[in-house]
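Undergrad: Structure below; questions to follow.
The values are calculated or read from the model by the stated rules, or taken from the named source; none is laboratory data. As the structure is a computational prediction, the values presented were derived from the model and not from experiment. As a convention, Cβ positions derive from the backbone with ideal geometry for all residues, glycine included, and neighbour counts pool all protein chains shown. Accessible surface areas use protein heavy atoms only, side chains included; no ligands, DNA or RNA. Shrake-Rupley method; radii C 1.70, N 1.55, O 1.52, S 1.80 Å.
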Amino acid sequence: MATGAPLAVRRSRLSLRALRPPRGAVSRLVRRPWVIATGLVLGAAVAAWSVDRWPAQVPWMAFLLPVVAAGLFLPPRPLLAVYAVVLLLMVAVGLDLGPLKDASLGAQIVTLSLMLLLLWFANSRAKAGLVGITGDTMLIDMRDRLRAQGELPELPPSWSAEAAIESAFGESFSGDFVVANRSTDGRVLEVALVDVSGKGRGAGTRSLLLSGALGGLLGEMTERGFLRSANHHLVRLRWLEGFATAVHVAIDLETGRFTIGSAGHPPAVQFSAGSGRWETLRGGRGPLLGVVEEAEFPRSEGELGPGDALLLYSDGVVEARGKPLVEGIDRMLGRADSFVTKGFGGLAQWLCDHAAAGHGDDRAVVTIWRS
């Protein structure tokens with residue numbers, strides 16, 4: 001049976017969804033900014049009355065709740081109105097209490113500084129067409145969709161597959177992604193592992209855009225046409241850093257025959273149960289995606305028999321500064337040997353966790369094996 005994202009990733013996704021505010025409630029709040037502003041002004045008025053009524057017990061910090069809440073939920077114009085009222089209330093209370101309340105001027109300066117910071121954030125979100133925490137919700141949805149595209153389809157009982165993706169420094173977005181598809185008749189499994197230039201959040205937006213496009217191409221194009229079409233798409237985009245590497249495999253789940261093509265990507269490796277050894281698949285290599293306009297991407301053929309496995313990986317798994325790529329591949333295969341006798345389950349995540357680049361680069365591994 002195929003397994004998708006690692007268990008830790010699934011748990012993280014569930015916990016984040018539990019913390020996410022209901023979409024309907026967020027939408028209703030966003031559509032009524034002046035209602036929110038009125039409520040926060042009333043809250044600031046309550047804070048002002050409390051500080052004025054009990055100056056020794058209620059600190060100036062009581063004003064921070066409406067200030068921070070306004071910064072989270074309001075667009076710039078209503079936000080500015082709320083902050084103006086809050087400042088007037090603070091000044092009025094400070095003048096009324098005089099020496100009865102310490103640090104009045106200091107509290108007002110700190111509050112004003114926080115307001116300016118939150119106004120800057122609100123203005124930045126508004127330029128992107130985002131309001132309040134809906135921007136965070138949208139980014140979480142985008143990240144979840146990217147991970148969902150990398151989940152591998154269910155496979156016949158004699159086949160298994162796993163995919164693991166880890167971003168640089170544990171960030172939410174990764175420049176590495178996986179797209180997979182099983183044909184309508186269930187016979188052919190196609191998997192593409194793609195590494196977009198850059199890493200972590202720096203490559204996140206391009207990774208999201210490209211994963212959607214390549215996910216649509218997978219299964220719609222012929223095996224030999226997939227990388228060519230992906231290259232045409234990237235060339236048309238004309239990104240400043242518009243290149244990517246990719247490896248694409250199509251496996252006949254009835255016979256075990258497969259074809260594989262690479263676009264500037266580290267070579268896939270195959271384990272043969274007959275010889276008990278890993279073999280690097282050097283054939284079927286083409287240029288980077290998005291660099292050469294009319295590039296050709298040859299493919300090589302192979303076969304997975306019972307006990308055999310296929311391993312796809314990104315450069316973050318094998319590349320280390322100052323060391324040749326071959327040494328990194330040998331290191332990876334030496335670690336993979338320990339899984340030969342006990343089964344390949346968990347190998348993908350284990351290789352990501354013990355990659356040559358450590359946690360400073362994106363890492364992705366796909367393992368497919370036949371029992």
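Undergrad: I need a count of the residues in region 155-172 that are open to solvent by less than 30 Å² (accessible area, probe 1.4 Å) and closer than 23 Å to Leu289 by Cβ.
TA: Total satisfying the criteria: 4.
Undergrad: Please enumerate the residues belonging to region 176-196 that are under 18 Å from Leu237 (Cβ atoms) and either part of a helix (DSSP H, G or I) or open to solvent by less than 10 Å² (accessible area, probe 1.4 Å) (or both).
TA: Taking region 176-196 and keeping what is under 18 Å from Leu237 (Cβ atoms), we get 177, 179, 192, 194-196.
Across region 176-196, the qualifying residues are Phe177, Val179, Ala192, Val194, Val196.
Undergrad: Just to be sure I understand, how many residues within region 268-316 are outside any strand (DSSP E or B), charged (D, E, K, R) and open to solvent by 30 Å² or more (accessible area, probe 1.4 Å)? Quick ask: steps written out before the conclusion?
TA: Applying the first criterion (outside any strand (DSSP E or B)) to region 268-316 yields 268, 273-276, 281-284, 287-288, 290-298, 304-308, 314-316.
Then keep just the ones that are charged (D, E, K, R); that gives 282, 293-294, 296, 308, 315.
In the following step, the residues that additionally are open to solvent by 30 Å² or more (accessible area, probe 1.4 Å) were identified as 282, 293-294, 296, 315.
The total comes to 5.
Undergrad: Let me ask another. Working only within region 352-371, note down all residues that are modelled with pLDDT under 95 and crowded, with 18+ Cβ neighbours inside 10 Å.
TA: Pass one, region 352-371, residues modelled with pLDDT under 95: 352-364, 371.
Matches in region 352-371: Cys352, Ala355, Ala356, Ala357, Asp361, Asp362, Arg363, Ala364.
Undergrad: Give me a count of the residues in region 96-108 that are open to solvent by 50 Å² or more (accessible area, probe 1.4 Å) and either touching a Phe, Trp or Tyr at 6+ places or on another chain (Cβ under 8 Å) or at pLDDT 90 or above (or both).
TA: Residues of region 96-108 open to solvent by 50 Å² or more (accessible area, probe 1.4 Å): 96, 99-100, 102-103, 105.
Now restrict to residues that are either touching a Phe, Trp or Tyr at 6+ places or on another chain (Cβ under 8 Å) or at pLDDT 90 or above (or both): 103.
Summing the residues that are open to solvent by 50 Å² or more (accessible area, probe 1.4 Å) and either touching a Phe, Trp or Tyr at 6+ places or on another chain (Cβ under 8 Å) or at pLDDT 90 or above (or both) in region 96-108 gives 1.
Undergrad: Among the listed residues His265, His248, identify the single one that is open to solvent by less than 10 Å² (accessible area, probe 1.4 Å) and part of a loop (DSSP other than H, G, I, E, B). Break it down stepwise before answering.
TA: On the way: His248 fails: part of a loop (DSSP other than H, G, I, E, B).
His265 is the lone residue from the list that is open to solvent by less than 10 Å² (accessible area, probe 1.4 Å) and part of a loop (DSSP other than H, G, I, E, B).
Undergrad: Something else: How many residues does region 251-262 hold that are of a type in the set (S, T, N, Q) and surrounded by fewer than 14 Cβ atoms within 10 Å (Cβ to Cβ)? Spell out the reasoning first.
TA: Filtering region 251-262 down to residues of a type in the set (S, T, N, Q) leaves 255, 259, 262.
Checking the rest, the ones that are also surrounded by fewer than 14 Cβ atoms within 10 Å (Cβ to Cβ) come to 255.
Residues that pass the stated criteria total 1.
Undergrad: What do you reckon, is Gly198 under 24 Å from Arg285 (Cβ atoms) and modelled with pLDDT under 90?
TA: Working: under 24 Å from Arg285 (Cβ atoms): yes; modelled with pLDDT under 90: yes.
Taking the combined requirement at face value, the residue satisfies it.
Undergrad: If you check Val91, Val58, which single one turns out to be outside any helix (DSSP H, G or I), surrounded by 13 or more Cβ atoms within 10 Å (Cβ to Cβ) and free of Cβ contacts under 8 Å to residues at least 24 places away in the same chain? Break it down stepwise before answering.
TA: Values: Val91 fails: outside any helix (DSSP H, G or I).
Sole residue among the options that is outside any helix (DSSP H, G or I), surrounded by 13 or more Cβ atoms within 10 Å (Cβ to Cβ) and free of Cβ contacts under 8 Å to residues at least 24 places away in the same chain: Val58.
Undergrad: Okay, next question. Take the residues of region 220-243 that are farther than 14 Å from Glu296 by Cα and open to solvent by less than 40 Å² (accessible area, probe 1.4 Å): which is nearest to the chain's Cα centre (by Cα)?
TA: Gly242
Undergrad: In contact (Cβ under 8 Å) with a residue 24 or more places away in the chain, over 24 Å from Glu241 (Cα atoms) and small (Gly, Ala, Ser): which single residue out of Gly274, Gly283, Gly360 fits that description?
TA: Working: Gly283 fails: in contact (Cβ under 8 Å) with a residue 24 or more places away in the chain; Gly360 fails: over 24 Å from Glu241 (Cα atoms).
Going through Gly274, Gly283, Gly360 in turn, just one is in contact (Cβ under 8 Å) with a residue 24 or more places away in the chain, over 24 Å from Glu241 (Cα atoms) and small (Gly, Ala, Ser): Gly274.
Undergrad: Give the residues of region 106-126 that are β-branched (Val, Ile, Thr) and out of contact with any helix residue (DSSP H, G or I) (no Cβ under 9 Å at 6 or more places or on another chain), sorted by residue number. Spell out the reasoning first.
TA: As a first pass, look at region 106-126 and keep what is β-branched (Val, Ile, Thr): 109-111.
Across region 106-126, the qualifying residue is only Ile109.
Undergrad: If you don't mind, there's one more thing I want to ask. Using beta carbons and a limit of 6 Å, which pairs, at least six apart or on different chains, have the first residue in region 193-216 and under 16 Å from Glu241 (Cβ atoms) and among the hydroxyl-bearing types (Ser, Thr, Tyr) and the second one open to solvent by 10 Å² or more (accessible area, probe 1.4 Å) and at pLDDT 80 or above?
TA: Ser197/Phe243
Undergrad: Looking for whichever is surrounded by fewer than 17 Cβ atoms within 10 Å (Cβ to Cβ), modelled with pLDDT under 90 and over 18 Å from Leu105 (Cα atoms) here; the options are Leu72, Leu42. Which one fits? Can you show your working first?
TA: Working: Leu42 fails: modelled with pLDDT under 90.
It is Leu72.
Undergrad: Next question, about the same structure. Among the residues of region 76-88, count how many are more than 17 Å from Asp52 (Cα to Cα) and either open to solvent by less than 50 Å² (accessible area, probe 1.4 Å) or hydrophobic (A, V, I, L, M, F, W, C) (or both).
TA: Within region 76-88, the first condition is being more than 17 Å from Asp52 (Cα to Cα), and the residues that meet it are 76-84.
Retained after the next criterion (residues that are either open to solvent by less than 50 Å² (accessible area, probe 1.4 Å) or hydrophobic (A, V, I, L, M, F, W, C) (or both)): 76, 78-84.
So the count comes out to 8.
Undergrad: Which one is nearest to Gly274 (Cα to Cα) among residues in region 317-338 that are open to solvent by less than 50 Å² (accessible area, probe 1.4 Å) and out of contact with any strand residue (DSSP E or B) (no Cβ under 9 Å at 6 or more places or on another chain)?
TA: Here the residue is Gly334.
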